[in-house]
Structure formats: C-alpha cells, structure tokens
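Undergrad: I'd like to ask some things about the structure below.
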Amino acid sequence: MPALEQHGRSQLGHADRDRVLAISAATIDRLLVDVKIAASAGRRRRAGFHSAIRLEVPIRTFNDWNSPVPGFCEVDMVAHGGTSVAGSFIKP
C-alpha cells in the first residue's frame, strides 16, 4: 500500500486502507481464486504436476551433495559448433 500511495495508484479511504493492510496473503489468495482462473483463461495449475523431462533428468538438491568430497569439480562440455570442432575456442 505505501508504494501504491507514493505513486498515486491508490485512492482508498482510511477504513478501506486499514482493512487491506490487515488482511493476510492467504485470505487474499482465497478471495481472488476466481479472478485468477479467469485471468489465466480457465487454465488451473495442478499441484505436483511434473513434465516427462523433469521425471527423466536426475536433480540433486543441497542435501544430496554428501559425496564427492569438497573440492571435486564436475563439468559437462557442450559443443555449439555444429558438425565441425575446428577453430580456437579457448585462448591462453
């Protein structure tokens, strides 16, 4: 609200301003669920949905880095030169 008021985007009375500042984010989400669905053309996001590629690619989280020991470096190399690897890529 302070940012909206500072930029002249809010013209609420004191009672309405106090109500807006007192409401929780969860309550706002519950009140606006129909507006959000209409704004997204009726598409609802499904909780826990994973694409096929995300199921195929292993992802390590922070807790998964027990091995190897610190100092280990793993690098994946990808060539973007098409069918030719001719030329200088790294200059000393």
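Values in this text are rule-based calculations from the coordinates and carry no lab data. Please read all numbers here as calculations on a predicted model, not as lab measurements. Cβ: placed from backbone, ideal geometry, glycine included. Neighbour counts: every protein chain shown.
Undergrad: List, in order, the whole-Hz ³J(HN,Hα) value for each residue of region 7-19 obtained from phi through the Karplus relation with A = 6.51, B = -1.76, C = 1.60 and θ = phi - 60°; use x for Gly and Pro.
TA: Residue by residue, region 7-19 yields 9, x, 9, 10, 10, 7, x, 4, 5, 5, 4, 5, 5 Hz.
Undergrad: Output ³J(HN,Hα) for region 21-30: one whole-Hz value per residue in order, computed from phi by the Karplus curve 6.51 cos²θ - 1.76 cosθ + 1.60 with θ = phi - 60°, and x for Gly and Pro.
TA: Couplings: 5, 8, 7, 8, 4, 5, 5, 4, 4, 5 Hz.
Undergrad: Points 7 angstrom from Cα along the Cβ direction at Val33 and Arg17: gap in nanometres?
TA: Taking the two extended label points, one gets 3.2 nm.
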